[in-house]
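Down below is the structure, laid out as structure tokens.
The values are calculated or read from the model by the stated rules, or taken from the named source; none is laboratory data. Because the structure is predicted, anything quoted here is derived from the model rather than measured. Ideal geometry is used to build each Cβ from the backbone, glycine not excepted, and the neighbour counts take in all protein chains shown. Areas reflect the complete protein model, heavy atoms only, side chains present, ligands, DNA and RNA absent. Shrake-Rupley method; radii C 1.70, N 1.55, O 1.52, S 1.80 Å.
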Amino acid sequence: MNGEEAGAHPPVRVERRAVDEAESRRANGPDWDRYADEYQATHGEFLGDAGFVWGPEGLSEDEAGILGEVAGRDVLEVGSGAGQCSRWIREQGGRPVGLDLSYRQLQHSRRLDEETGTPVPSVLGTATHLPFADDSFDVVFSSFGALQFVSDLDLAVAETARVLRPAGRFAFSITHPTRWMFPDDPGEGGLVASQSYWDRTPYVEVDDETGQVSYVEHHRTLGDWVSLLAGTGFVITDLLEPEWPEDHDRVWGGWSKVRGLLTPGTAIFGATLR
Ligand SMILES: C[S@@+](CC[C@H](N)C(=O)[O-])C[C@H]1O[C@@H](n2cnc3c(N)ncnc32)[C@H](O)[C@@H]1O
């Protein structure tokens, strides 16, 4: 479901079934390792080597301003990929650190560090076990990184709260929860609801040859997100649903103009720790 990258994947069959945190990680780390080269080749230019976009609609942090002031602040990007957003933060005067589950994604981050001359320190790790002391950051963010790939979301959000300083800012983008109802098809087929919005059973790809889970995505409703953030001590200040620009023809996996003009594809939450 992470897109159009069939060539990078072994033949898979799609299922809906329960998958725990360990199995999600075992599947998604290697999946992102396999897909990283193609992801960066396909989307790198759109993302910008030191650019910050929140999703396929192209909304930038410059426009959204959901993180607040970043200059002089300690900033953690979770699911940082090749670190494009963190590099933008650094150019605004912030002190970013990236964290990602995929070693290959981090190799791309290192490559861009060298090509741009704007390095971002990055670590291999998972959103559910952040290798940082309590109260280390003023801002934690994630642009389509990590949160929809973890099974133990309560732990990932608790970890975020732990490493944030009091009144710290948390913002993240995810596939808009209402997209769960529709097939992941950028064309007309992706406009017809075929699955319950309330069915949280994960989307799972299983390697046809080995029978092993090779990719997992987890779904939460909008209400789940609100309850979890509020219950972990966050005050939700923003829920952005970027509109698809009329002149934007780019297709990214299941995101397209056909669907984007009718239904939201991305949700961006902004919250402040109490
Ligand atoms: C769609 S990419 C987004 C990367 C980057 N934010 C961007 O905009 O290009 C998702 C990233 O999340 C990472 N990821 C997946 N599961 C993760 C986890 N449990 N912890 C940290 N990162 C994870 C993947 O390796 C991948 O680099």
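Structure data summary
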| quantity | calculated |
| --- | --- |
| Yes/no for Thr237 being open to solvent by 10 Å² or more (accessible area, probe 1.4 Å), of a type in the set (Ser, Thr, Tyr) and within 18 Å of Leu191 (Cβ to Cβ) | no |
| Residue within the range 246-265 that is more than 16 Å from Glu57 (Cα to Cα) and not in a loop (DSSP other than H, G, I, E, B) present | no |
| Looking only at the range 124-144, and only at residues there that are open to solvent by 30 Å² or more (accessible area, probe 1.4 Å) and more than 22 Å from Gly93 (Cβ to Cβ), the one that is nearest to the ligand (Cβ to nearest atom) | Phe144 |
| Residues that are touching a strand residue (DSSP E or B) at 6+ places or on another chain (Cβ under 6 Å) and open to solvent by 30 Å² or more (accessible area, probe 1.4 Å), drawn from the range 242-273 | Thr272 |
| Qualifying residue in the range 37-46 (condition: among the hydrophobic types (A, V, I, L, M, F, W, C) and within 11 Å of the ligand (Cβ to nearest atom)) | yes |
| Options Gly98, Gly81, Gly117, Gly94: the member that is without any contact (Cβ under 8 Å) to a residue 60 or more places away in the chain and within 12 Å of the ligand (Cβ to nearest atom) | Gly98 |
| One residue from Pro56, Pro30 being open to solvent by 30 Å² or more (accessible area, probe 1.4 Å), within 11 Å of the ligand (Cβ to nearest atom) and out of contact with any Asp or Glu (no Cβ under 9 Å at 6 or more places or on another chain) | Pro30 |
| Scope the range 154-178; condition open to solvent by less than 10 Å² (accessible area, probe 1.4 Å) and either part of a helix (DSSP H, G or I) or modelled with pLDDT under 95 (or both); matching residues | Ala156, Val157, Thr160, Val163, Pro177 |
| Qualifying residue in the range 197-208 (condition: basic (Lys, Arg), in contact with a strand residue (DSSP E or B) (Cβ under 9 Å, 6 or more places away or on another chain) and assigned to a loop (DSSP other than H, G, I, E, B)) | no |
